Structure formats: C-alpha cells, structure tokens
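The values are calculated or read from the model by the stated rules, or taken from the named source; none is laboratory data. Keep in mind the model is a prediction, meaning the values are calculated, not measured. Here the Cβ is made from the backbone with ideal geometry for all residues, glycine too, and neighbour counts use every protein chain on show. Protein only, heavy atoms only, side chains kept; ligands, DNA and RNA dropped before computing areas. Shrake-Rupley method; radii C 1.70, N 1.55, O 1.52, S 1.80 Å.
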Amino acid sequence: MSEFVTVRRLDGAEAAAAVEELAEVLADCVEGGASVSFMLPLARERALGFWRGVADAVARGERALLVAADGEGKIVGTVQLVMAMPDNQPHRADVAKMLVHRRARRGGIAARLLAALDEVAREEGKTVLVLDTVTGGDAERLYQRAGWERVGVVPKFALMPDGSFCATTFFYKHL
C-alpha cells in the first residue's frame, strides 16, 4: 500500500476542506481501540469539531498537519506537529494524533508520516520533538524504530476509548 500513498502537508484551507475525511480516520481509530484523547462512542460532530479546530490552528501557523492519501486521493493517515509553545521553548514541538485507518495499516504509512514530519519540523526550526503513546502498543515500537528515545512510563496516565486505564510512554527526538 505504501508505494501508492502520497504524504503531504496541508495549509489551512486544505485542512478545512479535509475535515470530513480526517473525522472518518479519527472515528475508525477510536472505534478500533486507539487511545487518542477520545472516548466511545465518538459522536461525528465531536470528531468534526476537533478537526475544524485543528484546521483553524493550521491556518494560524500553530500546527502543521500532514496527511497520507491512497492512490485514489482518500486520506488514510495523518499526524500533527504542534508548534505553539511557550516563549522559552521556541525550538520544541509536540507530535500529536498519529492516526492510520485500520484498512491501511501495516504498509509503512506511519513511518512515512514520521519521516515527513521530521522534515517539516526541521523546516520550522524545531530541534526537539516530544510525544506520548500507549505503552506496549504498535506505535511504541514504531517510534523506537524511527530513532525516538524512550523517557519513561506513567501508569494510568490516560483512558482507552472503553474507559479502562492505560499507561503512557513518553519519547523525545533531537533533530
């Protein structure tokens, strides 16, 4: 699948136009059990509202939004670089909402999104990236393979979509 996938950064207008597709990817991930800040059941309007807020932040230059699209141009994955940081952290950004639709997983899409995100971060002058992910999940192994350094685990840091607790592992990467 990966060879038929294109990865690109969206501007604010493109992000606003992609809200419906992005909401579909988010809903699929939450329904599949991903702990990405949302609980089941995820109302469609809640997902759309989240992505509208992201599009607004992209338009303001506070976030970079990358998407992976399949051969038909349909969005199958996404990741964000949160660049709005405190004054004493202009060199840092957070990585957020690495999402790949279940039907497109295991094809290298997440790795391609991460590689593209590194390039965007460099272009934006970011040299330290930080993220967190569910401990023991596939994403944890992905980040380690991509050169991220594990900092540690916080037990019961977040909830899974079904309401059960999950531990969270924190990572950083110097570019």
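Residues in the stretch 65-148 average 45 Å² of solvent-accessible surface per residue, probe 1.4 Å, ligands and nucleic acids excluded. Contact order, relative form, for the chain: 23 percent (alpha carbon pairs under 8 Å, 6 or more residues apart, mean separation divided by residue count).
Sorted largest first, the principal axis extents computed over the alpha-carbon atoms of the stretch 1-104 equal 41, 33, 21 Å. The charge dipole of the stretch 99-157, taken about its Cα centre with unit charges on the Cβ of Lys, Arg, Asp and Glu (plus for the first two, minus for the last two), comes to roughly 400 debye. When only alpha carbons are used to place a centre, the stretch 37-51 and the stretch 118-151 end up 25 Å from one another.
Both the radius of gyration and Dmax for the stretch 59-120 are 13.0, 43 Å, in that order, over alpha-carbon atoms. Spacing of the modelled spin labels on L40 and E62, each 7 Å from Cα toward Cβ, amounts to 3.1 nm.
The accessible area of H174, taken with all protein chains in place and a 1.4 Å probe, comes to roughly 130 Å². A full extension of the chain between A115 and A146 corresponds to an added length of 10.4 nm, given 0.36 nm per residue minus the alpha carbon distance. Summarising the overall dimensions of the stretch 83-149 from its C-alpha atoms, the Rg and Dmax are 12.8, 41 angstrom. Using a simple spin-label model with pseudo-atoms 7 Å out from Cα toward Cβ, A167 and E124 lie 3.0 nm apart.
Mean residue ellipticity at 222 nm, helices only, the chain: -10000 deg cm²/dmol; runs of at least 4 DSSP H residues each add -39,500 (n - 2.57), and the sum is divided by the number of residues. What part of the accessible area of the chain, given as a whole %, is carbon or sulfur when the probe is 1.4 angstrom? In the chain, the share of accessible area belonging to carbon and sulfur is 52 percent.
Applying a DSSP loop filter and a limit of 16 other Cβ atoms within 10 Å to the GluC sites (Glu not before Pro) in the stretch 1-94 leaves E62, E72.
For R9, the solvent-accessible surface computed with a 1.4 Å probe is close to 90 Å², ligands and nucleic acids excluded. Roughly what % of Cα-Cα distances in the chain sit above 24 Å, to the whole percent? Beyond 24 Å sits 34 percent of the P(r) for the chain.
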